[in-house]
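As structure tokens, the structure follows; a few thoughts come after it.
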2 protein chains.
Amino acid sequence: MDKFIDYIRNYTEHPVSSQEKDLLQQAFRPKKLRKRQYLLQEGDVCRHLSLITKGAMRQYSVDDKGGEHTVQFGIENWWMSDRESFELGSPSRYNIDAWEDTELIQIGYEDWWRLRSEIPAMRILTAEMDKRHAVASQKRIHAAITLTAEERYLEMMKSQPAFIQRFPQNMIASYLGISPETLSRIRKQAFLRGD
Amino acid sequence: MDKFIDYIRNYTEHPVSSQEKDLLQQAFRPKKLRKRQYLLQEGDVCRHLSLITKGAMRQYSVDDKGGEHTVQFGIENWWMSDRESFELGSPSRYNIDAWEDTELIQIGYEDWWRLRSEIPAMRILTAEMDKRHAVASQKRIHAAITLTAEERYLEMMKSQPAFIQRFPQNMIASYLGISPETLSRIRKQAFLRGD
DNA sequence: GCTATGCGTTGATTTTTATCAAGGGGGAGA
DNA sequence: TCTCCCCCTTGATAAAAATCAACGCATAGC
């Protein structure tokens, strides 16, 4: 839980009292997942927000031909959830699983909203999280309608090198919305050009 | 301003005192734009969040060949801003202009954050806005990596018919990340199939 | 050590979409 | 009314990417 207080420190200097720390301690639960173990399966309701303290995960949908489409990667200090399912209590269209052995801390819906009203630092944290998420989403949408597949890959190498290093290429391809073969060709071209 | 209070009512039943109403009144300014008039030009800092009370607008980038790429449409009760530029005070990569004669109410950065801390209903409103935006963004990202151009258009017709009706087809195409010619062909196919 | 599985690469072919070009129609402004 | 500009459609061609297929390599499990 000291980890989480440290985490909040990345976002705000706002003080967290010892009473507030107790509230946080009670609300967050640790969880461990083995590589490939599900956190969420399509059709289930996402009941927790989960913060990765160690490991790597992905969120993806599976199409009617079995193809996987990755909407989100997460590594340490990233949150994993299907936001819509979490907020609305609706069955999720996504799976979330671990690509590496993973450790999380999780919080349920009621606790999340209670902490937001009772702890000012939590309000600041969530506002900041939402802001960063909005900015990142817009960039990804802009890239999707503006850039070629190769440009998107090169952009990802610059902005998210850790994902490139820790996830296999076929998952990178599915995150970029291209086939693994195309990604392989793009990488070869970039290498030959010295990018 | 009664309009804005009504607007908040869409989001929460939380009471807004007459004192709070005064604060809102002072913070929001009306603005009118003629069709095609800029609200924000690329390179400028986005200093306001703007709520459309009447009209239609778009947010788009211009590439080095002069092509326009639309990341956002807005009609009545939609907010228009470059969030990143607004929050960071950085020059925006986007333009925002009016497609129809438009009326707005605007609020600046300091006022926005002050109202958020002073008026509980504003906090609820912004949390809800962020939630809806996150859900919508995820859907758009998922569509971009999962669906064909035609499927994306058909999906847009279902989820955002007002945009289809009020914006010209070349802008719809640029929002979908496809050429106007391709959109024209897609529409013809769908029509011939009775979609 | 052996086998099976999964991943990445490569070539060929097909599909999807972009680009180029031109024509027609509608709307706005003088 | 006339002119100009913009939009949409259509056909032809080019480019980008997907799909199919096969191979080689590395890793995990027995």
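The values are calculated or read from the model by the stated rules, or taken from the named source; none is laboratory data. Being a predicted model, the structure only gives us computed values, none of them experimental. Neighbour counts run over all protein chains shown; Cβ positions are idealised from the backbone, glycine included. Note: accessible area is taken over every heavy atom of the protein model, side chains too, but ligands, DNA and RNA are not part of it. Shrake-Rupley method; radii C 1.70, N 1.55, O 1.52, S 1.80 Å.
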Residues of segment A:151-185 being within 9 Å of DNA strand C (Cβ to nearest atom) and either small (Gly, Ala, Ser) or farther than 26 Å from A:ASN95 by Cβ (or both), in sequence order, are A:ALA173, A:SER179, A:SER184, A:ARG185
State whether one or more residues within segment A:94-113 are polar (S, T, N, Q) and in contact with a Gly (Cβ under 7 Å, 6 or more places away or on another chain). yes
Residue match in segment B:109-129 (condition: more than 14 Å from chain A (Cβ to nearest Cβ) and either within 16 Å of DNA strand C (Cβ to nearest atom) or touching a residue at least 24 places away in the same chain (Cβ under 8 Å) (or both)) = yes
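Only one residue in A:LYS188, A:LYS139, A:LYS158 is more than 19 Å from A:LEU24 (Cβ to Cβ), among the charged types (D, E, K, R) and under 16 Å from the mean Cα position of the chain (by Cα). Which one? Let's see the steps before the verdict.
Values: A:LYS188 fails: under 16 Å from the mean Cα position of the chain (by Cα); A:LYS158 fails: under 16 Å from the mean Cα position of the chain (by Cα).
Exactly one residue qualifies, and that residue is A:LYS139.
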The condition from (1) open to solvent by 30 Å² or more (accessible area, probe 1.4 Å); (2) more than 8 Å from every other protein chain (Cβ to nearest Cβ); (3) modelled with pLDDT of 95 or more that B:ILE172 misses is numbered (1)
Among the residues of segment B:169-195, the number that are near DNA strand D (Cβ under 10 Å from one of its atoms) and without any contact (Cβ under 8 Å) to a residue 24 or more places away in the chain is 12
When restricted to A:ARG140, A:ARG132, A:ARG152, the only residue of a type in the set (Lys, Arg), within 16 Å of DNA strand D (Cβ to nearest atom) and closer than 24 Å to A:ASN10 by Cβ is A:ARG140
Selection from segment A:175-195 of residues within 21 Å of B:ALA143 (Cβ to Cβ) and surrounded by 16 or more Cβ atoms within 10 Å (Cβ to Cβ) yields A:TYR175, A:LEU176, A:GLY177, A:ILE178, A:LEU183
In segment B:50-86, anything more than 10 Å from chain A (Cβ to nearest Cβ) and among the aromatic types (Phe, Trp, Tyr) is listed as B:PHE73, B:TRP78, B:TRP79
For B:ASP97, are the conditions met, namely being among the acidic types (Asp, Glu), closer than 22 Å to B:GLN138 by Cα and in contact with a Leu (Cβ under 7 Å, 6 or more places away or on another chain)?
no
Residue pairs qualifying under the 9 Å Cβ cut-off, at least six apart or on distinct chains, with the first in segment A:51-68 being farther than 24 Å from A:LEU104 by Cα and touching a residue at least 60 places away in the same chain (Cβ under 8 Å) and the second being within 12 Å of DNA strand D (Cβ to nearest atom) and small (Gly, Ala, Ser), are A:GLY67/A:SER174
Being open to solvent by 30 Å² or more (accessible area, probe 1.4 Å) and in contact with a Phe, Trp or Tyr (Cβ under 6 Å, 6 or more places away or on another chain) narrows B:GLU84, B:GLU76, B:GLU100, B:GLU68 down to just B:GLU68
